[in-house]
Amino acid sequence: MGKVLIVYASRSDETKSIAELIAEGIRISGHEAELKRTSDIKSEDDLKGYDGYAFGSATYHGEMITSMKQILFVGERAELKDKPGGAFGAYGWSGEAPGRIFDTMDHIFGMKMVSGPLMLKASGVEGGIQAAQEYGKSIAKMI
């Protein structure tokens, strides 16, 4: 059984809700999932020791939330190369954050990413619950 760390930045808790649904998908697949807010991560050591990762942020004014940017800088030193990963986030208008997180994890960290970031306006609309759970299952399959 593997263990996946899900780190999220959320302003209205919608990205947190998506993170919880991704965790459900991972658990349904027989693995462990641990959720942490970006404020819970203090150093690269807090990111080490997991078999897979999912990082998520809401898009706010066309950008990811600042605390997630800080986590990505920390992640550069956390030896995440070749680890399974995914990126996700809620958005209202534009939704750039999940794509930027995904690209960083893929190209800078060298992680093995699931196909594309998960972008949802809200977890409870337009099949969001199932999409988030399936995204978690996709990460779990890579472990």
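Values quoted throughout were computed directly from the atomic coordinates according to the rules given, and no laboratory measurement underlies them. These numbers were taken from a predicted model, which means no experiment stands behind them. Reconstructed Cβ throughout: ideal geometry from the backbone, glycine too, with neighbour counts over all protein chains shown.
Computed quantities for the displayed model
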quantity: The range 75-143, dipole about Cα centre (Lys/Arg Cβ +1, Asp/Glu Cβ -1), debye to the nearest 20; calculated: 160 debye
quantity: Expected 222 nm ellipticity per residue - DSSP helices of 4 or more, -39500 (n - 2.57), all of the chain, to 500; calculated: -10000 deg cm²/dmol
quantity: Rounded to the nearest 20 debye, dipole of the range 3-141 from Cβ charges on Lys, Arg, Asp, Glu; calculated: 60 debye
quantity: Zone of Val125's modelled label, taken as backbone nitrogen in the range 65-101 under 11 Å from a point 7 Å along Cα→Cβ; calculated: 91-93
quantity: Most to least packed among 4-15, 66-77 [average Cβ atoms within 10 Å]; calculated: 4-15, 66-77
quantity: J(HN,Hα) series, the range 73-85, from Karplus relation 6.51 cos²θ - 1.76 cosθ + 1.60, nearest Hz, glycine and proline x; calculated: 5, 5, x, 4, 9, 9, 6, 9, 3, 6, 7, x, x
quantity: Using a Förster distance of 35 Å, the FRET efficiency for Arg27-Arg77 (Cβ separation, nearest 0.05); calculated: 0.75
quantity: Relative contact order (percent, whole number), the range 21-143, Cα cutoff 8 Å, 6+ residue spacing; calculated: 33 percent
quantity: Other-chain or far-sequence residues with amide H under 5 Å of Lys112's (modelled H); calculated: Asp82, Lys83, Gly85
quantity: Ranked list, fewest to most other Cβ atoms within 10 Å of each Cβ, for Ile18, Ile101, Ile108; calculated: Ile108, Ile101, Ile18
